[in-house]
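Here is the structure we will look at.
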Amino acid sequence: MIDEELDRIDSLAATGTSPVHRASPLSRVLAAALTVAAILVAEEHRPIAVVAALLLVEATIAWAGPIRLLLAAFTPLPFFIVLALLRLGSDGENAEMMSLLLFRAGASAMALVLLLSTTTFVDVLRVLGPLLPRDLAATLAVLYRSLFILLRHAGHVGEVAWTRGVFPVQGPIVGGLLLHAFERMENVACVMHVRGVDLPDPDRADAFRPRPLDLLPLARGVAALALSLASLRP
Amino acid sequence: MTHLHVPDGVLPWWLIGLSLLLGGVAVLGVLRIGTGAWRVRFHSRIGVAAAALTVALSLPIGAAHLSLAPLAGMLLGPAGGFLAAFLANASVAAVGHGGVTAIGVNGLFLGLQAAAGALLFRLFRGPLGVRGGAGVAAGLVLVLASAGALAALRALPLAPDADGHHGHEGMDWGVWVVAAFALAVTIAEVHLTISVMHFLSRVRTDLVPGGLEPPAAAPGSPA
């Protein structure tokens with residue numbers, strides 16, 4: 001379930017002390033970007049498989065659950081089932097292209113899940129902050145916080161509904177959840193606005209400060225991109 | 001199927017760039033709406049609605065899931081609904097649900113559904129009431145979106161298909177399977193949208209454009 005998965009990823013990122021966790025957030029975000037670029041550039045299965053293996057090695061070093069990371073590679077599978085139903089020829093035409101696309105999508109999902117398993121959302125926002133408008137960063141922060149409020153409250157409401165024998169997906173229950181989160185976040189946002197703080201300005205400098213362990217994720221990203229480029233046909 | 005979750009590595013670069021540009025311009029436009037405390041509340045509501053959409057987009061119902069984009073549009077208006085849907089798509093992309101490079105395409109597709117849901121609800125809310133308006137608006141948007149998603153997936157140029165080898169090779173029965181599945185999910189989402197809007201129109205009338213639904217006339221009372 002999403003609440004357990006989000007909790008797990010959030011907890012891994014926040015409490016991890018591995019060498020990967022101790023690298024700067026900037027290096028981890030850069031490594032993820034380089035890895036995704038490498039995956040998109042690749043035109044064959046082999047370099048993508050090697051990149052996926054690199055991600056699994058890093059997940060093992062980071063204690064970020066390599067098996068779960070491997071399972072994350074199957075997240076795009078429903079899309080490909082639909083795509084196969086719509087595009088796959090009855091004689092298996094397009095099958096090779098589809099498998100390459102599936103490889104790319106799965107490896108890219110692994111890179112992103114590894115990033116969020118080793119870097120808190122706040123740190124990702126710190127790194128992306130200079131690129132994003134201030135209001136957008138504030139709205140994303142509200143999104144992340146209210147996600148957990150909604151999930152916790154939905155869990156409680158769902159348990160109560162089941163014990164009363166009520167089907168839990170109904171207007172009053174879903175609407176009540178929305179109202180609860182709306183009112184709570186509006187109160188927080190208005191109080192912060194009155195106090196002159198529209199966005200809790202995070203300590204950005206720390207996210208950008210280089211550290212010796214930055215070499216670990218950066219080496220993975222650079223190696224992935226170099227491998228991908230080297231495998232391109234002339 | 002009412003929305004696209006195109007993953008990374010599927011779309012060609014020109015489409016990725018164009019959709020990101022369009023999406024970025026639209027998002028920046030929405031962020032400029034309003035001032036002061038109203039703006040703060042507007043953005044916090046967008047954040048909460050985006051979180052609700054993120055939950056809906058991530059909870060599987062069989063192999064599919066709801067989107068709630070038209071509902072977000074009805075509650076926040078076309079601009080707010082668009083931004084909420086766009087951000088929800090970006091947040092699910094961060095956990096591998098849809099590609100991070102396809103945020104533009106996926107976000108625009110879902111965001112336009114939210115905007116269309118808001119506009120259609122405002123159109124039908126008067127003559128049909130809250131439940132009728134929400135049902136018709138959500139139904140129309142989701143059916144059109146499903147048809148659009150099917151057509152797009154059949155016709156979209158895929159990244160390694162650079163030699164112009166486009167779609168339409170798929171099995172015909174495959175289209176019907178996907179369409180039937182999309183219809184079932186659409187019915188579930190329309191039902192949920194109607195019931196949430198009906199509930200909110202009674203307990204927080206300020207959230208529903210048009211306000212409180214007039215109570216049903218008692219039997220024998222004058223019209």
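The values are calculated or read from the model by the stated rules, or taken from the named source; none is laboratory data. Given the structure is predicted, the values throughout are model-derived calculations rather than measurements. Counting neighbours? That spans all protein chains shown, and the Cβs are built from the backbone with ideal geometry, glycine included. The protein model used for the area step is the full one, side chains on, heavy atoms only, and it has no ligands, DNA or RNA in it. Shrake-Rupley method; radii C 1.70, N 1.55, O 1.52, S 1.80 Å.
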Quick one: in the stretch B:15-24, which of the residues that are under 18 Å from A:V36 (Cβ atoms) and hydrophobic (A, V, I, L, M, F, W, C) is most open to solvent (accessible area, probe 1.4 Å)? B:L20
Scanning for something modelled with pLDDT of 85 or more and either in a helix (DSSP H, G or I) or facing chain A (nearest Cβ under 9 Å) (or both), does the stretch B:3-14 turn up at least one residue? yes
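In this structure, is A:D206 crowded, with 17+ Cβ neighbours inside 10 Å, assigned to a helix (DSSP H, G or I), more than 11 Å from chain B (Cβ to nearest Cβ) and charged (D, E, K, R)?
Working: crowded, with 17+ Cβ neighbours inside 10 Å: no; assigned to a helix (DSSP H, G or I): yes; more than 11 Å from chain B (Cβ to nearest Cβ): yes; charged (D, E, K, R): yes.
Against the criterion (crowded, with 17+ Cβ neighbours inside 10 Å, assigned to a helix (DSSP H, G or I), more than 11 Å from chain B (Cβ to nearest Cβ) and charged (D, E, K, R)), A:D206 does not qualify.
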The number of residues in the stretch B:25-49 that are surrounded by 21 or more Cβ atoms within 10 Å (Cβ to Cβ) and more than 9 Å from every other protein chain (Cβ to nearest Cβ) is 2
Inter-residue pairs, beta-carbon under 8 Å, first open to solvent by less than 10 Å² (accessible area, probe 1.4 Å) and in the stretch B:190-202, second part of a helix (DSSP H, G or I) and charged (D, E, K, R), 6+ apart: B:M197/B:R131
Within the stretch A:74-92, is even one residue more than 11 Å from chain B (Cβ to nearest Cβ) and open to solvent by 20 Å² or more (accessible area, probe 1.4 Å)? no
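Residue by residue, here is whether (1) without any contact (Cβ under 8 Å) to a residue 24 or more places away in the chain; (2) surrounded by 24 or more Cβ atoms within 10 Å (Cβ to Cβ); (3) hydrophobic (A, V, I, L, M, F, W, C) holds:
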site: A:A14; (1), (2), (3): no, no, yes
site: A:S24; (1), (2), (3): no, no, no
site: A:A33; (1), (2), (3): no, no, yes
site: A:V50; (1), (2), (3): no, no, yes
site: A:A62; (1), (2), (3): no, yes, yes
site: A:L71; (1), (2), (3): yes, no, yes
site: A:A95; (1), (2), (3): yes, no, yes
site: A:R104; (1), (2), (3): no, yes, no
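When the stretch A:126-144 is examined, which residues are found to be assigned to a helix (DSSP H, G or I), more than 8 Å from chain B (Cβ to nearest Cβ) and free of Cβ contacts under 8 Å to residues at least 60 places away in the same chain?
Start the filter on the stretch A:126-144 by keeping residues that are assigned to a helix (DSSP H, G or I), which leaves A:126-131, A:134-144.
Subset that is more than 8 Å from chain B (Cβ to nearest Cβ): A:126-131, A:134, A:137.
Once the filter is applied, which keeps residues that are assigned to a helix (DSSP H, G or I), more than 8 Å from chain B (Cβ to nearest Cβ) and free of Cβ contacts under 8 Å to residues at least 60 places away in the same chain, the stretch A:126-144 yields only A:L131.
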Residue pairs meeting the criteria (Cβ under 7 Å; at least 6 apart or on separate chains; first within 14 Å of B:L76 (Cα to Cα), in the stretch A:180-193; second crowded, with 17+ Cβ neighbours inside 10 Å and among the aliphatic types (A, V, I, L, M)): A:F182/B:V48
Which members of the stretch A:171-181 meet the condition of being surrounded by fewer than 22 Cβ atoms within 10 Å (Cβ to Cβ) and at the interface with chain B (Cβ under 7 Å from one of its Cβ atoms)? A:G171, A:P172, A:L179
